[in-house]
Amino acid sequence: MHEVEVKVLDIDRAAVESTLAGLGVKPAPEERFAAVFFDFPEGRLRAGGQLLRLRQEGGRAMLTFKGRVREEGAKVREETEVEVGDFEGCRRLLSALGLVETAYVDKFRTSYRLDSASVVIDRHVGRLSFIPELLEIEAGSVEEVRSVAARLGFSPDQLRPWGLPQVVDYYRRRG
């Protein structure tokens with residue numbers, strides 16, 4: 001499966017929610033997400049532009065592998081995801097296989113569906129709480145991502161084809 005997404009930083013949450021409501025889109029209940037990222041001790045995945053993430057989404061645990069990013073005005077990459085029955089059990093299994101935990105992310109997410117696109121507002125907590133709320137748009141193509149962004153009032157120059165490491169770097173530099 002392909003992942004095609006962008007982030008919009010420094011959003012006015014109330015304005016975004018008002019625009020979505022005006023489009024007849026209702027939010028799903030806010031959920032807490034916890035994610036642990038894994039790599040080989042020598043950093044082979046990161047060096048190859050790949051990642052392995054174990055995420056707790058409400059009552060579900062998901063293991064996701066993401067391939068190298070191809071930027072085409074959006075973050076485009078191959079993504080393989082499976083649901084696992086036990087978050088902590090899978091975490092121990094990955095460690096037993098020699099993978100090491102490289103990062104932990106804790107956030108709250110409010111999700112919306114706008115046509116076939118996923119629109120989410122993320123609020124990071126814990127060690128990443130310095131990141132302001134941000135919007136993420138994921139759809140089947142770069143054109144659809146741009147179209148949804150335009151419907152929400154965002155211009156192409158506001159769309160960032162970034163992953164979390166780039167977002168963290170951006171806000172740390174901005175200080």
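Only one of the numbered conditions (1) more than 21 Å from A14 (Cβ to Cβ); (2) surrounded by 13 or more Cβ atoms within 10 Å (Cβ to Cβ); (3) modelled with pLDDT of 95 or more is not met by G89, and that is (2). If you check T19 against the conditions, is it within 18 Å of D122 (Cα to Cα) and in contact with a Lys or Arg (Cβ under 9 Å, 6 or more places away or on another chain)? When the stated conditions are applied, T19 passes them. Residues in segment 62-74: is at least one in contact (Cβ under 8 Å) with a residue 24 or more places away in the chain and in contact with a Pro (Cβ under 6 Å, 6 or more places away or on another chain)? Looking for residues that are in contact (Cβ under 8 Å) with a residue 24 or more places away in the chain and in contact with a Pro (Cβ under 6 Å, 6 or more places away or on another chain), one finds at least one in segment 62-74, hence yes.
Entry remark, segment 23-72: residues being of a type in the set (A, V, I, L, M, F, W, C), more than 14 Å from the chain's Cα centre (by Cα) and within 30 Å of G153 (Cβ to Cβ) number 3 in total.
Scanning segment 135-161 for residues that are surrounded by 15 or more Cβ atoms within 10 Å (Cβ to Cβ), small (G, A, S) and part of a helix (DSSP H, G or I) yields S147, A149. Of everything in segment 128-154 that is closer than 11 Å to V4 by Cβ and of a type in the set (D, E, K, R), the residue that is farthest from the chain's Cα centre (by Cα) is E143.
The values are calculated or read from the model by the stated rules, or taken from the named source; none is laboratory data. None of these values were measured; they are calculated from a predicted model. Cβ atoms come from the backbone with ideal geometry, glycine included; neighbour counts cover every protein chain shown.
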